[in-house]
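Report on one structure; see the data block that follows.
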């Protein structure tokens, strides 16, 4: 299919703030009608980006969570032989109608949809090395045949495809060549302040400043095995507000630190670095 320019442009949403670079990457993928491959550390909003694109473009969102055993075929359709065997034993329905036992996968549903949809393929690097190229082969063809019924499903619209990766393994060069790529940098403090304002409107400015100061100082600690992410900051502020906390200092015992740090070694490291050996209160 020849890429054609599209007048639709993505500018983020009221609840999902984006950088100019990310907006440009999304709009590039829309114009070229190619999958957008997004990488970035956990908590930078890779998965939520798909929801924002769907909301911003007014399209339905389909999600395909990839596992280590996932095959491209699974995304097209599954023939439910177990249900058919059950029905044949207990006489529930006409087992001769094989179409009753064809279950569309997320990719097949996107192809069969009468309207354009956004398809999120989440954590593509969890599958084996053949999966990414097999996936793009199906996306290029935009059609597939159900061998059990000999029916052919032909896509009416090319879906908007967002693929996320956590860099758990290298992806094939052929796959990378056919995607638009963007790495989501962790938000700088100014953008993070805007993100906090969106999720906690009316938050006391002093508490917001202190929470952000503590958050970025924790992230700067080289001993942490898992640095806190944006979503964990938002959760931590929620707990602080709910419990009436109005003042924070990294050098003192931090309240509800278990909302920010998720490994025991990190809690110990913070306690040793800033609490004179005391364990911080989770």
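The values are calculated or read from the model by the stated rules, or taken from the named source; none is laboratory data. Because the structure is predicted, anything quoted here is derived from the model rather than measured. Cβ sites come from the backbone with ideal geometry, for glycine too, and all protein chains shown count toward neighbours.
Here are a few things to note about the model shown:
- Within segment 171-195, the residues that satisfy the criterion of being touching a residue at least 40 places away in the same chain (Cβ under 8 Å) and part of a loop (DSSP other than H, G, I, E, B) are 171, 172, 178, 179, 184, 185, 186, 187.
- Residue in segment 220-235 that is nearest to residue 47 (Cα to Cα), counting only those that are assigned to a loop (DSSP other than H, G, I, E, B) and under 24 Å from the mean Cα position of the chain (by Cα): 229
- Residue 198 within 30 Å of residue 51 (Cβ to Cβ) and not in a loop (DSSP other than H, G, I, E, B): yes
- Set side by side, the residues 153, 161 differ, and just one is within 22 Å of residue 46 (Cβ to Cβ) and surrounded by 14 or more Cβ atoms within 10 Å (Cβ to Cβ), which is 161.
- Single match in 85, 30 (criterion: part of a helix (DSSP H, G or I) and surrounded by 17 or more Cβ atoms within 10 Å (Cβ to Cβ)): 30
One line per residue, one yes/no per condition, for (1) assigned by TED's automatic domain parsing to the domain that holds residue 118; (2) without any contact (Cβ under 8 Å) to a residue 24 or more places away in the chain; (3) farther than 23 Å from residue 166 by Cβ:
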residue: 9; (1), (2), (3): no, yes, yes
residue: 27; (1), (2), (3): yes, yes, yes
residue: 30; (1), (2), (3): yes, no, yes
residue: 35; (1), (2), (3): yes, no, no
residue: 41; (1), (2), (3): yes, no, no
residue: 51; (1), (2), (3): yes, no, no
residue: 63; (1), (2), (3): yes, no, no
residue: 66; (1), (2), (3): yes, no, no
residue: 77; (1), (2), (3): yes, no, yes
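- Just one residue in the set 139, 120, 207, 162 is more than 24 Å from residue 19 (Cα to Cα), touching a residue at least 24 places away in the same chain (Cβ under 8 Å), in contact with a strand residue (DSSP E or B) (Cβ under 8 Å, 6 or more places away or on another chain) and not in a loop (DSSP other than H, G, I, E, B); that residue is 139.
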